[in-house]
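Take a look at the structure below.
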Amino acid sequence: MSADTDVEVLRRQGRIVVVGASLAGLRAAETLREKGFTGSLTMIGDELYEPYDRPPLSKQALLGRARPEDTALPRRRDIDAEWRLGVAAADLDRDAKQVRLVNGDTVPYDRLLITTGTRARPWFHPEEAALDGVFVLRTRDDSARLYRKLTGGVRRVLVIGAGFTGSEVASACREHGLEVTVAERGPAPLVGALGGVIGAVADRLQRKHGVDLRCGVSVTALEGGDVGRLRRAHLSDGSVIDVEVAVVSLGAMRNTEWLAGSGVAAGPRGIACDAGCRVFDVNGIVTDDIYAAGDVARSPHPLFDYQFLALEHWGNAVEQAEIAAHNMICAGPDRRPHLWLPMFWSSQFGVNIKSVGVPSLGGQLVVAQGTLAEERFVAVYGYRGRVIAAVSFDGAKWLGFYEQQIASGAPFPPEYRSVDRRSETLQPIESAFPDPHLPTHGPTITLTGHSPSERRVTFVPSHA
Ligand SMILES: Cc1cc2nc3c(=O)[nH]c(=O)nc-3n(C[C@H](O)[C@H](O)[C@H](O)COP(=O)(O)OP(=O)(O)OC[C@H]3O[C@@H](n4cnc5c(N)ncnc54)[C@H](O)[C@@H]3O)c2cc1C
């Protein structure tokens with residue numbers, strides 16, 4: 001049978017299984033149907049709910065402006081799928097081409113799409129994590145529980161980690177009039193994602209809104225009272241604070257454990273796949289029947305030195321899912337690469353923050369519009385003489401322009417004249433990213449590979 005006939009049979013009567021029934025999984029399923037896939041579609045998800053949207057969970061839902069149960073993702077079309085919800089995939093048998101579920105059922109596939117995303121990194125001490133008042137924020141239920149707690153008469157909240165989620169939680173707490181301490185191991189909020197210069201602006205913003213911000217410290221222990229309720233937190237600088245709520249915002253962990261032993265190149269940094277979303281096996285050979293998309297995937301991007309990018313961005317999940325779905329049901333020459341420009345937004349302390357490109361690659365930046373002092377600006381990041389990223393604080397309307405600059409490899413520092421450009425900010429300055437070996441809460445972008453020309457190995461002796 002020719003490859004074309006195989007693809008035609010697959011499109012008409014193949015079995016496609018999607019593991020991870022959230023944003024990427026749903027958008028892929030819709031795309032498969034849009035593109036004429038008429039075979040069977042099975043959606044496996046360990047959560048009880050049909051796909052819902054996560055960004056509102058740390059924003060509108062914490063402010064009481066939307067209920068977590070009202071965040072269901074809008075449907076673009078009927079996907080005519082068999083839903084297996086509330087049951088996790090336990091392992092993958094590539095030889096038998098089947099997924100085994102935790103309840104022992106097996107689900108055979110011709111093509112498999114993995115969209116198992118990430119989960120919140122839990123507090124490192126399980127007994128402390130179980131105290132009444134200790135929260136993480138990833139799911140609809142997490143958000144509902146946290147909202148109930150924040151509006152149930154508590155006064156003092158500790159946020160552990162000042163990345164995007166932690167900062168948004170702190171912002172919501174201040175809007176509720178609660179006292180908030182934010183503890184961040186790095187030198188400033190958002191520093192892992194945006195660098196120290198912009199981190200300093202985020203720092204001012206938090207303090208201006210009444211946050212008790214403590215940088216360069218970590219929380220070493222959470223202490224409970226007699227009834228198992230959180231009472232105090234101990235910090236690495238020796239201070240002790242009384243708190244009723246702690247929100248652990250230490251970044252995310254990729255859901256890949258279920259693939260251990262499957263022979264797929266999956267680990268803590270995600271699932272390695274090619275730019276067409278086809279998953280690599282552990283030997284570095286690309287598979288043809290297993291695909292990955294969304295937060296769990298990492299793939300090389302030509303604009304960024306072919307480094308493997310793992311992104312935790314809503315828009316990336318959608319776009320990559322659509323590419324994966326397209327490639328799953330077409331022959332080689334028709335396949336497309338996933339070349340999405342990373343893009344992310346956040347709203348906190350009344351400011352709309354948006355980023356395009358990969359700021360953490362940019363060693364230098366120029367404030368192209370506005371000023372840092374006004375907390376209203378566009379900062380443009382440079383890498384090897386070209387524009388690599390841009391970040392706006394209340395200036396999102398400009399980012400489409402910078403997207404084009406990044407895509408076209410425009411020179412850095414930028415040469416164009418633009419509205420609201422101030423002469424005092426034209427000189428490039430170091431963007432001050434912390435040493436990546438020193439952990440902060442973790443950026444929402446990770447670069448996990450190098451182009452072959454830059455390949456190097458570092459030997460780390462074992463201290464065991
Ligand atoms: C609080 C919060 C705020 C955010 N705000 C923003 C924002 O402002 N802007 C932005 O760009 N992005 C934001 N994001 C990130 C965005 O929501 C993610 O990029 C997006 O959800 C990724 O979708 P996904 O489908 O790849 O993964 P996920 O949404 O993580 O979904 C993966 C699904 O797979 C399930 N699963 C895991 N393992 C298994 C298994 N073994 N078997 C079956 N199912 C499994 C998971 O439970 C989950 O339902 C935010 C995320 C959170 C949590």
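Solvent-accessible surface of the range 220-341, averaged per residue with a 1.4 angstrom probe and all protein chains in place: 37 square angstrom.
A Förster distance of 51 Å, applied to the separation of the beta-carbon atoms of residue 281 and residue 223, puts the FRET efficiency at 0.65. Cα-based values for the range 256-334, radius of gyration first and Dmax second, are 11.9, 33 Å.
Mind checking which lysines have their Cα closer than 29 Å to the Cα of residue 35? Skip sequence neighbours fewer than 8 apart in that chain. Cα-Cα hits under 29 Å: 97.
Counting only protein heavy atoms and a probe of 1.4 Å, the accessible surface of the range 1-100 is 44% carbon and sulfur. Taking only protein heavy atoms and a 1.4 Å probe, the accessible area of the range 273-343 is 55% carbon and sulfur. Note on the range 112-131 and the range 147-178: Cα centroid distance 20 Å, given to the nearest whole angstrom. Setting aside same-chain residues fewer than 8 positions from residue 208, which lysines have a Cα under 28 Å from its Cα? Qualifying lysines at Cα under 28 Å: 59, 149, 354, 397.
Listed peptides 363-374, 263-274 appear in the order 263-274, 363-374 once ranked by packing, highest mean of other Cβ atoms within 10 Å at the front. Counting only protein heavy atoms and a probe of 1.4 Å, the accessible surface of the range 120-186 is 45% carbon and sulfur.
At 4 °C and a viscosity of 1.567 mPa s, what translational diffusion coefficient does Stokes-Einstein give for the chain, taking Rh as the Kirkwood radius over Cα pairs? Give it in µm²/s as a whole number.
On the way: Rh = 23.4 Å.
Result for D is 55 µm²/s.
For residue 369, the residues whose amide H sits under 5 Å from its own are 378, ignoring neighbours fewer than 5 places away on the same chain, with H placed 1.01 Å from N.
The values are calculated or read from the model by the stated rules, or taken from the named source; none is laboratory data. As the structure is a prediction and not an experimental result, all values here were calculated from the model. Every residue, glycine as well, gets a Cβ built from its backbone with ideal geometry; the counts of neighbours run over all protein chains shown. Ligands, DNA and RNA are stripped out before the accessible areas are found, and what is left, the full protein with its side chains, is counted by its heavy atoms. Shrake-Rupley method; radii C 1.70, N 1.55, O 1.52, S 1.80 Å.
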